[in-house]
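Visitor: For reference, the structure I am asking about is given below.
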Amino acid sequence: MAEEYVSLKHLAEEIGMDRSHARRYVLKLGITPHKRRTPDSQNQLTLAVDQNEADLIRQKRREEGFAGDSKPVAKDVGEFYIIRLVPELDDRRIKMGFADDLATRHSQHRTAAPTAQVVASWPCKRSWESTVMDCLSKFQCRLILNEVFECDDVNGLVELANQLFALLPDPALKTPLAEASPYNT
């Protein structure tokens with residue numbers, strides 16, 4: 001029995017990507033598309049993946065927070081980070097923020113600031129971001145714009161953040177439900 005294939009064009013539409021982005025995404029996952037004739041390509045040769053690979057790609061997209069309707073679903077837990085934007089010019093200039101994937105976020109910052117360096121990061125809930133930033137930015141920091149600050153003592157700021165996050169619970173832990181909670185089913 002012949003193995004069934006899904007064209008990258010069809011899969012890209014399904015997961016909410018353009019075709020070229022989907023091809024790069026699939027390659028990044030370590031999957032090499034095959035040239036096949038598929039029903040959804042009107043039997044023309046096209047890049048395709050087998051059903052198992054397609055399922056894996058769909059699963060990875062869901063894990064990254066993308067729902068079937070291609071709208072991103074925000075992850076509640078990620079990391080709060082401090083990044084030095086241009087350490088060679090001004091090691092006091094930092095960016096603070098929340099990321100559900102720090103490596104991806106750092107890479108995004110490096111498109112505009114190629115020498116940006118992650119100073120430190122801590123597990124964090126998305127809902128804590130503005131409170132943590134308000135607290136930390138009061139420590140010898142001055143706002144430049146948005147989430148970018150000039151901070152006189154970055155090491156002291158990191159130590160303060162260590163103390164603050166030591167007081168906070170594990171962001172992945174859920175509050176147990178009371179017996180009377182309507183969420184119990």
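Visitor: For Rg/Rh (Cα atoms, Kirkwood Rh), one of [x] 1.12; [y] 1.05; [z] 1.16 was computed from the structure I shared and the rest are decoys. Which label?
Guide: [x]
Visitor: Counting other Cβ atoms within 10 Å of each Cβ, which trypsin sites (Lys or Arg not before Pro) in the stretch 107-179 have at most 15 and sit in a DSSP loop? Don't skip to the end; give the middle numbers.
Guide: Details: sites: R110, K125, R126, K138, R142, K174; in loops: K138, K174.
Taking the stretch 107-179 and a limit of 15 other Cβ atoms within 10 Å, the loop trypsin sites (Lys or Arg not before Pro) found are K138, K174.
Visitor: Quote to one decimal, in nm, the extra length available between Q163 and V148 on full extension: 0.36 nm per residue of separation minus the C-alpha distance between them. Write out the running numbers ahead of the final one.
Guide: Numbers: separation 15, 0.36 × 15 = 5.40 nm, distance 2.16 nm.
My answer for the length gained is 3.2 nm.
Visitor: Mind checking the full-extension length gain between S181 and N155? Use 0.36 nm per residue of separation minus the Cα-Cα distance, one decimal, nm.
Guide: 4.9 nm
Visitor: Here is a follow-up. Using a Gaussian network for the chain with springs between C-alpha atoms less than 10 Å apart, which of these wobbles most: P171, P39, P114?
Guide: Greatest mean-square fluctuation among the candidates belongs to P39.
Visitor: Hey, another quick one. Which Cys in the chain stand alone, with every other cysteine's Cβ at 4.7 Å or more from theirs?
Guide: Those would be C124, C135, since no other cysteine Cβ in the chain comes under 4.7 Å of theirs.
Visitor: With respect to the cross-link table entries K9/K60; K28/K60; K138/K174, which display a Cα-Cα separation exceeding 20 Å? Working shown, then result.
Guide: Values: K9/K60 17 Å; K28/K60 11 Å; K138/K174 30 Å.
Pairs exceeding 20 Å: K138/K174.
Visitor: If I take R0 = 25 Å and measure r between the Cβ atoms of N43 and R19 in this structure, what FRET efficiency does the formula 1/(1 + (r/R0)^6) give, to the nearest 0.05? Could you put the intermediate results ahead of the total?
Guide: Details: r = 18 Å, r/R0 = 0.73.
In this case the efficiency is close to 0.85.
Visitor: Any aspartates and glutamates with Cα under 19 Å of the K75 Cα? List them, leaving off those in the same chain fewer than 8 positions away.
Guide: Within the straight-line cut-off, K75 pairs with E63, E64, D100, D101, E129, D170.
Visitor: Still on this structure, please answer the following. Residue separation times 0.36 nm, minus the C-alpha to C-alpha distance between A113 and C135: what's the value?
Guide: On the way: separation 22, 0.36 × 22 = 7.92 nm, distance 2.55 nm.
The span from A113 to C135 would gain 5.4 nm if fully extended.
Visitor: Mind jotting down the distance between the C-alpha centroids of the stretch 26-69 and the stretch 119-185, whole Å?
Guide: 38 Å
Every read-out reported here was derived from the displayed coordinates using simple, explicitly stated rules and does not represent laboratory data. What you are looking at is a predicted structure, and each value in this text was computed from that prediction instead of being measured. As a convention, Cβ positions derive from the backbone with ideal geometry for all residues, glycine included, and neighbour counts pool all protein chains shown.
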